[in-house]
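This report refers to the structure that appears directly beneath it.
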Amino acid sequence: MTLKTEEIKTQSETERLVLRPLQNQDYERWLEGCRGRLPSQYKYDDEKMDLSGWTQEKFNNDVVTNLQLLADRDEAYVFGVFRKSDKKHIGKVEFCTIMRDEFQWGLLGYTIHNQYWRKGYGKEAVKEALNMAFQNLHFHRIEAHINVDNKPSIKLAESVGMEFECTRKGFIYEFEEWTDNLVYYMNSK
């Protein structure tokens, strides 16, 4: 199955959030969300980005255009997460296509800016994004690969109904070593 981007519903809403691809006009909201990040809270919380070279043009080309190209090629779909009440950019949820054909298999990733943690936004965004993955992107299986000691991510995956499948030993090269990852999954209903 080959997806045509124009046929895919790429926006969805929850009670408090809007999930949609980033657009050129999101630059200021994106910049504010990134600038507002607190210092890293734990090992898997990204450090603050160096935003000194980020301009509207760089955002348009390096983020918006590149993400649209990935979606057009059915390689990845990145949804900005925006709070409805004030339109603030609070994070993202993304799906990478692992394999299509008879598998319809994708990989889930998620990040909420740490100044918005502990408000349930991650769970709300990921739960809705999974609905989008199955209904709009036509995936059958979604996996999350999670470091064995990343307790907040494990808790989030479990809270949205993902099931633990296995531990993949030496699965991802990061922190200058091959690390084990837990595999959580969900299949379309």
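How large is the accessible surface per residue of region 94-189, computed with a 1.4 Å probe and reported in Å² as a whole number?
Accessible surface, normalised per residue, equals 53 Å².
Probe radius 1.4 Å, ligands and nucleic acids ignored: give me the carbon and sulfur share of the accessible area of the chain as a rounded percent.
Taking all protein chains in place, the chain shows 50 percent carbon and sulfur surface.
On a straight-distance basis, which lysines could pair with LYS92 in a cross-link, Cα separation under 27 angstrom, same-chain partners fewer than 8 positions away excluded?
Output for LYS92: LYS4, LYS9, LYS43, LYS48, LYS58, LYS84, LYS119, LYS123, LYS127, LYS151, LYS155, LYS189.
Going by the alpha-carbon gyration tensor, a ≥ b ≥ c the square roots of its eigenvalues, is the chain rounded (a/c under 1.5) or, if a/c is not under 1.5, prolate (a/b greater than b/c) versus oblate?
rounded
Around ARG37, what is the net charge, scoring Lys/Arg as +1 and Asp/Glu as -1 over all other residues with Cβ under 9 Å from its Cβ?
-1
What is the Cα radius of gyration of region 79-189 over 2.2 N^0.38 Å, N being its residue count? Mind showing how you got there, number by number?
Numbers: Rg = 14.3 Å, N = 111, 2.2 N^0.38 = 13.2 Å.
In units of the globular-protein estimate, region 79-189 measures up at 1.09.
Taking amide H positions as placed in the peptide plane 1.01 Å from N, state which residues far from ILE98 in sequence (5 or more) or on other chains have amide H under 5 Å from it.
Amide H to amide H, under 5 Å and 5 or more residues apart or across chains, ILE98 pairs with TRP105, GLY106, LEU107.
Run through region 79-140 and list the chymotrypsin sites (Phe, Trp or Tyr not before Pro) located in a DSSP loop whose Cβ has at most 16 other Cβ atoms within 10 Å.
When the chymotrypsin sites (Phe, Trp or Tyr not before Pro) of region 79-140 are filtered for loop state and at most 16 Cβ neighbours within 10 Å, PHE103, TRP117 remain.
Please report the antiparallel percentage of the DSSP beta bridges confined to the chain, to the nearest 5.
The answer is about 90 percent antiparallel.
Provide the per-residue ³J(HN,Hα) series for region 39-56, in order, calculated from phi with Karplus coefficients 6.51, -1.76, 1.60 and θ = phi - 60°, each as a whole number of Hz, with x at glycine and proline positions.
x, 3, 8, 6, 3, 9, 8, 4, 5, 4, 6, 7, 9, 4, x, 8, 10, 4
For region 65-74, what does the Karplus curve 6.51 cos²θ - 1.76 cosθ + 1.60, with θ = phi - 60°, yield as ³J(HN,Hα) per residue in whole Hz, taken in order and with x for Gly and Pro?
3J(HN,Hα) across region 65-74, in whole Hz: 5, 5, 5, 5, 5, 4, 5, 4, 8, 6.
Specify the residue with the greatest mean-square fluctuation among GLY36, GLY109, GLY170, computed from a Gaussian network of the chain linking alpha-carbon atoms under 10 Å apart.
Looking only at GLY36, GLY109, GLY170, the biggest GNM fluctuation is shown by GLY170.
The values are calculated or read from the model by the stated rules, or taken from the named source; none is laboratory data. Predicted model only: the values in this text are computed from it and were never measured. Neighbour counts are summed over all protein chains in view; Cβ atoms, including those assigned to glycine, are modelled from backbone coordinates with ideal geometry. Calculation scope for accessible area: heavy atoms of the full protein, side chains included, ligands and nucleic acids excluded. Shrake-Rupley method; radii C 1.70, N 1.55, O 1.52, S 1.80 Å.
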